[in-house]
Each structure stands twice: as C-alpha cells, then as structure tokens.
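I'd like to ask you about the structure that follows.
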Amino acid sequence: MATISTLEIENTESLVDTSKWVEGQVIANHHWTRWLYSLQVEATEVTFEAGQFGRLGLIINGEFVTRSYSFVNPPNKPHLEFYSIIVSEGSLSPRLAELKSGDKVWLFRKAAGFLVLSQIQTTDTLWMLSTGTAIGPFLSILQTQEPWQRYSKIVLAHSVRTSEELVYQDLIQILYKQYPDQFIMVPLVSREECEGAIYGRITTSITDGRMAQYTGLTIDEKLSQVMICGNPDMVRDTTALLKEKGLTENRRRHPGQISVEKYW
C-alpha cells in the first residue's frame, strides 16, 4: 500500500486552500472516443445549480493547476460528473483523462455561472443550442423537474463534427421516454452524413429552415427562450442571427430571450 510522505502533505497544504477546495475521489472515467471522456467524482460540500460549472484541480509538477468544467449531473445526485475533451497541448485535461477509480482530484466548493433556469423567463418553448462538450450543462438541467414544469416544448440541439461524438444517447433516450410530448432532440453533424441528423452547423440549419422543419417549431421572440453554450464562434454567430430575428440578450434589469455561455 502506497504511503504519502510528509513532504507531499506539506506541499499540498501550501498549494491548495482547503477552505475553498475539497478533495474528491474518482468513481469512474468513461472514454467515449479517443479524445472525449466523462469523469465521475465523489465529493462532499460541493454545491451548484443545474447549468453551472465547477472547477477541478490537480497538483502537477509542483503547481496547482485548475480549470472550469460544467456539471453533467443534476444537483441531487451523489456523484458529480464532468464531460470533457482532451486538449493535447493542455496541462490538465490529459491528466484528468488518465485518472482511474480511487484516484484523488480537487474540486472547488462553490460553483459559478448564469446559464441557469433561475435567470430566464418562462415561455412556450425552451431552446438549448450546444456544440461539443457544451451539451453537459443542458443535460444537468434536463435531469431536474423544473424545465418540464415550466416549458411546453424543450429542444436540445447538439452540434458535433462526427457521429461518434453524439454522446449520452442512453440518457437522451430516457428523457424521450419520460417526456415524449415535450422533448425534441436535434443532432447535427458537420463533417459527415449521419442518418437521423442534420448535416451542417446550427446557424446554417436555422437560416435555411432545416431546424424548423426538423422540430416543427420556429424560434420566436414572443414564444421562445434560447440558451446557447459552445465554442465562441458558434455563440457569437448564433446570437447575431437571433438578434436579426428580433430576440435580445437576457439581462437582469432587461430580460430578453437569449442566454449564453462560451465554452473556453
């Protein structure tokens, strides 16, 4: 059995503020593809609202390296889950991807972020537009009761490059079965043809009408709330496109229809 040296303990104490960080234990690390993985962690005293992001950290080469990751699980689940991509030139994500059951990882006690239902109005249709790993916070929200109680229809659009990146299909099928009259899933694949998915990007599918045709719904300033999460280019372009349709960004003092979060 491995032992922890006094030097290692002292080094940890000097690098990590334990009043703000808590040590968690890895439960599982599921690899979807060569680059995509979901890390499940057991940790106490970590609080968040569905849609928010937390922070993970590891001590690497004598430095405490941290990064923000959205929660995939809802707040009432005992295990925390984070969906991520390996950034080959990054210092943290490759190490997180290598963690195994029983390994330790640091988590920030308090979450952050405003891509949450408490910040948006109730309307007829809730649109959740995501790219890549940014589907995570929407899955967290959809595993709570609140969206299904507040919106007649919920559209989750997930844009990826290849079909193997259309992850969490088991969870999506559960949502279909639980809310068959409310839930609409829109997969989009941009680099290959995929049966059942729209070929192309979110902005293109909105502009050319394929999103409306697929869902049977249109994004309307009076009937829609739109949550956008993904790479900065998609967030920028989609926001601009929706503003042309008359929608406005959601502000605390000036409620609108568009809520955004950039995913790096």
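The values are calculated or read from the model by the stated rules, or taken from the named source; none is laboratory data. Quick caveat: nothing in here was measured; it's all calculated off a predicted structure. With ideal geometry, Cβ positions are generated from the backbone for all residues, glycine too; neighbour counts draw on all protein chains shown. Quick note on the areas: whole protein, heavy atoms, side chains included, nothing else; ligands and nucleic acids left out. Shrake-Rupley method; radii C 1.70, N 1.55, O 1.52, S 1.80 Å.
Once you place label points 7 Å from the Cα toward the Cβ at residue 152 and residue 252, how far apart are they in nm?
If labels sit at residue 152 and residue 252, their model points lie 3.2 nm apart.
With the crude spin-label approximation of a point 7 Å out along Cα→Cβ, what separation in nm comes out for residue 95 versus residue 45?
Each label point is offset 7 Å from its Cα along the Cβ direction, giving 2.2 nm.
For the chain, what relative contact order do you get, as a whole percent, if you take Cα pairs closer than 8 Å and at least 6 residues apart? Don't skip to the answer; put the middle values down first.
Values: 523 pairs, mean separation 43.6, N = 264.
Reported relative contact order: 17 percent.
I would also like to ask the following. Residue farthest toward the positive end of the dipole of the chain, with Cβ of Lys/Arg at +1 and Asp/Glu at -1: which of 184, 37, 171?
The listed residue farthest towards the positive side: 184.
While we're on this one: Where nothing but the Cβ of Lys and Arg (+1) and of Asp and Glu (-1) is charged, how large is the charge dipole of region 11-155 around its Cα centre, in debye to the nearest 20?
Numbers: 12 positive and 13 negative charges, 47 e Å.
Once rounded to the nearest 20, the dipole reads 220 debye.
Relative contact order of region 1-150, please, whole-number percent, based on alpha carbon pairs below 8 angstrom and at least 6 residues apart. Walk me through the numbers on the way to the answer.
Details: 270 pairs, mean separation 43.5, N = 150.
Normalised by residue count, the contact order of region 1-150 is 29 percent.
Summarise the accessible area of region 220-259 (1.4 Å probe, protein heavy atoms) by the percent that is carbon and sulfur.
Details: 970 of 2190 Å².
Summing carbon and sulfur atoms, their accessible area is 44 percent of the total for region 220-259.
For region 195-238, what does the alpha-carbon gyration tensor say about shape, rounded, prolate or oblate, given a ≥ b ≥ c as the root eigenvalues, a/c under 1.5 as rounded, and a/b over b/c as prolate?
Working: a/c = 1.95, a/b = 1.04, b/c = 1.87.
Here region 195-238 falls in the oblate category.
Would you please name the GluC sites (Glu not before Pro) within region 211-264 that are DSSP coil residues with at most 10 other C-beta atoms within 10 Å of their C-beta? Don't skip to the end; give the middle numbers.
Working: sites: 221, 244, 249, 261; in loops: 221.
Within region 211-264, no GluC sites (Glu not before Pro) qualify (loop, at most 10 other Cβ atoms within 10 Å).
Still on this structure, I have one more. Along the Cα-to-Cβ line of residue 66, 7 Å from the Cα, sits a label point; which residues in region 84-128 have backbone N less than 16 Å from it?
92-93, 105-113
Holding the Cα-Cα limit at 28 Å, pick out from 100/153; 222/262; 153/243 the pairs that are longer than that.
Details: 100/153 39 Å; 222/262 25 Å; 153/243 22 Å.
Among 100/153; 222/262; 153/243, the Cα-Cα distance tops 28 Å for 100/153.
Tell me which residues come under 5 Å, amide H to amide H, from residue 157 once H is placed; ignore anything under 5 positions away on its chain.
128, 129, 130, 186
Using r as the Cβ-Cβ distance of residue 213 and residue 17, and R0 as 41 Å, what FRET efficiency do you calculate, to the nearest 0.05? Can you show the working numbers first?
Details: r = 52 Å, r/R0 = 1.27.
Using R0 = 41 Å, I get an efficiency of 0.20.
Hey, any idea what % of region 94-187's accessible area is carbon plus sulfur with a 1.4 Å probe? Each step should come with its number before you reach the end.
Working: 1860 of 3860 Å².
Percent of accessible area from carbon and sulfur atoms in region 94-187: 48.
Can you give the charge dipole size of region 172-264 about its Cα centre, rounded to the nearest 20 debye, using +1 on the beta carbon of Lys and Arg and -1 on the beta carbon of Asp and Glu? Write out the running numbers ahead of the final one.
Details: 12 positive and 12 negative charges, 93 e Å.
The calculated dipole for region 172-264 is roughly 440 debye.
Now for a different question. Taking 0.36 nm per intervening residue step and subtracting the Cα-Cα distance, what contour gain separates residue 144 from residue 233 on full extension?
Working: separation 89, 0.36 × 89 = 32.04 nm, distance 2.90 nm.
Full extension of this stretch gives 29.1 nm more.
Report the paramagnetic label zone for residue 30: residues of region 57-82 whose backbone N is under 12 Å from a point 7 Å from Cα along the Cα-to-Cβ axis.
72-73, 81-82
Could you give me the ³J(HN,Hα) list for region 215-222, computed from phi with Karplus coefficients 6.51, -1.76, 1.60 and θ = phi - 60°, whole Hz, x at Gly and Pro?
Calculated HN-Hα couplings, in order: 9, x, 10, 10, 7, 10, 5, 8 Hz.
Can you compute the label reach from residue 122? Point 7 Å from Cα along the Cβ direction, backbone N cut-off under 13 Å, restricted to region 140-157.
Hits in region 140-157 for residue 122 at 13 Å: 146-153.
Taking 0.36 nm per residue of sequence separation and subtracting the Cα-Cα distance, how much length would be gained by fully extending the chain between residue 163 and residue 112, in nm to one decimal? List each step's numbers first, then the result.
Working: separation 51, 0.36 × 51 = 18.36 nm, distance 3.10 nm.
Answer, rounded to one decimal: 15.3 nm.
Quick check: from the Cα gyration tensor, does the chain come out rounded (a/c under 1.5), prolate or oblate? Can you show the working numbers first?
Values: a/c = 2.08, a/b = 1.78, b/c = 1.17.
Judged from the Cα gyration tensor, the chain comes out prolate (a/c at least 1.5, a/b above b/c).
At 1.4 Å probe size, with every protein chain present, just tell me what the per residue accessible area of region 132-264 comes to in Å².
On the way: 6750 Å² over 133 residues.
Spelled out: the 1.4 Å probe surface of region 132-264, per residue, equals 51 Å².
For a distance above 18 Å, tell me the whole-number percent of Cα pairs in region 149-264 that qualify. Don't skip to the end; give the middle numbers.
Numbers: 3653 of 6670 pairs.
I get 55 percent for the Cα pairs in region 149-264 exceeding 18 Å.
Now, a different point. For region 169-264, what does the relative contact order come out to in percent, with C-alpha contacts under 8 Å and a separation of six or more? Provide the component values of the computation, followed by the final result.
Working: 100 pairs, mean separation 18.9, N = 96.
Result for region 169-264 is 20 percent.
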